[in-house]
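The values are calculated or read from the model by the stated rules, or taken from the named source; none is laboratory data. Keep in mind that this is a model prediction, so the values were computed, not measured. Cβ placement follows ideal geometry from the backbone for every residue including glycine, while neighbour counts extend to all protein chains displayed.
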């Protein structure tokens, strides 16, 4: 869904720039330092956890904390796209904090034909996800919605992922319209 949001954002942004209009407000990248730092730390922790026992033992807490840091970083960016992405990150962070990992509906994985992911999660070989069950808190916020398109492979997504994708769409459309709208146009193009 994020790939589709980015592609649609570029298309809308280019259309707006071609019409010599802008979409929403100009995004400022410097406002994303906190979110970017949180994302970088998350990827470092994810890659280092298998070889660092402390990270492996506390990964669920680190995962939730870094999702909340990224959410705060997006929300303080004040652009509507950042805010929607921040809300999505906060929703995902809440369900991860309460369950230790992002719960995934097994039947949704089977519905999209991802038996490999189901096996890995069932065997406990995935740090970021677990299978949803009756004890799962905020189960409705977990990965439960099947999404497929011609652009990307089928995925199981959460409500938070939908907010993140919509935020990316808004941000990319806005950034594209500003970047290409500011270019000098030839007199014949006007």
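Could you check the range 94-129 and list, in sequence order, the residues that are touching a residue at least 60 places away in the same chain (Cβ under 8 Å) and in a helix (DSSP H, G or I)? Before you say what the answer is, go through the steps one by one.
Filtering the range 94-129 for residues touching a residue at least 60 places away in the same chain (Cβ under 8 Å) gives 95, 127-128.
Result: 95, single match.
Condition test on residue 163, is it at pLDDT 95 or above, buried (at least 20 other Cβ atoms within 10 Å of the Cβ), within 17 Å of residue 5 (Cβ to Cβ) and within 14 Å of the chain's Cα centre (by Cα)?
Values: at pLDDT 95 or above: yes; buried (at least 20 other Cβ atoms within 10 Å of the Cβ): yes; within 17 Å of residue 5 (Cβ to Cβ): yes; within 14 Å of the chain's Cα centre (by Cα): yes.
For residue 163, the condition - at pLDDT 95 or above, buried (at least 20 other Cβ atoms within 10 Å of the Cβ), within 17 Å of residue 5 (Cβ to Cβ) and within 14 Å of the chain's Cα centre (by Cα) - is met.
Among the residues of the range 130-157, what is the count of those that are outside any loop (DSSP other than H, G, I, E, B) and surrounded by 15 or more Cβ atoms within 10 Å (Cβ to Cβ)?
Applying the first criterion (outside any loop (DSSP other than H, G, I, E, B)) to the range 130-157 yields 130-131, 139-141, 143, 145-147, 155-157.
Add one more test, that the residue is surrounded by 15 or more Cβ atoms within 10 Å (Cβ to Cβ), and what stays is 130-131, 139, 141, 143, 145-147, 155-157.
Number satisfying all stated conditions: 11.
How about the range 3-31: which of its residues are crowded, with 18+ Cβ neighbours inside 10 Å and farther than 16 Å from residue 179 by Cβ?
Correct list: 5 only.
Just checking, how many residues over the range 5-30 are in contact with a helix residue (DSSP H, G or I) (Cβ under 7 Å, 6 or more places away or on another chain) and assigned to a helix (DSSP H, G or I)?
10
Of the residues 35, 39, 45, which single one is surrounded by 14 or more Cβ atoms within 10 Å (Cβ to Cβ), free of Cβ contacts under 8 Å to residues at least 24 places away in the same chain and within 13 Å of residue 70 (Cβ to Cβ)?
Exactly one residue qualifies, and that residue is 45.
I need every pair where a residue in the range 52-79 that is in contact (Cβ under 8 Å) with a residue 40 or more places away in the chain and at negative phi has its Cβ under 6 Å from the Cβ of a residue that is buried (at least 19 other Cβ atoms within 10 Å of the Cβ) and in a helix (DSSP H, G or I), sequence separation at least 6 or different chains.
Within 6 Å, the pairs are 63/96; 73/35; 73/38; 74/35; 74/82; 74/85; 74/86; 77/32.
In the list 77, 36, which residue meets the criterion of being in a loop (DSSP other than H, G, I, E, B), within 25 Å of residue 96 (Cα to Cα) and within 21 Å of the chain's Cα centre (by Cα)?
Within the list 77, 36, the selection yields 77.
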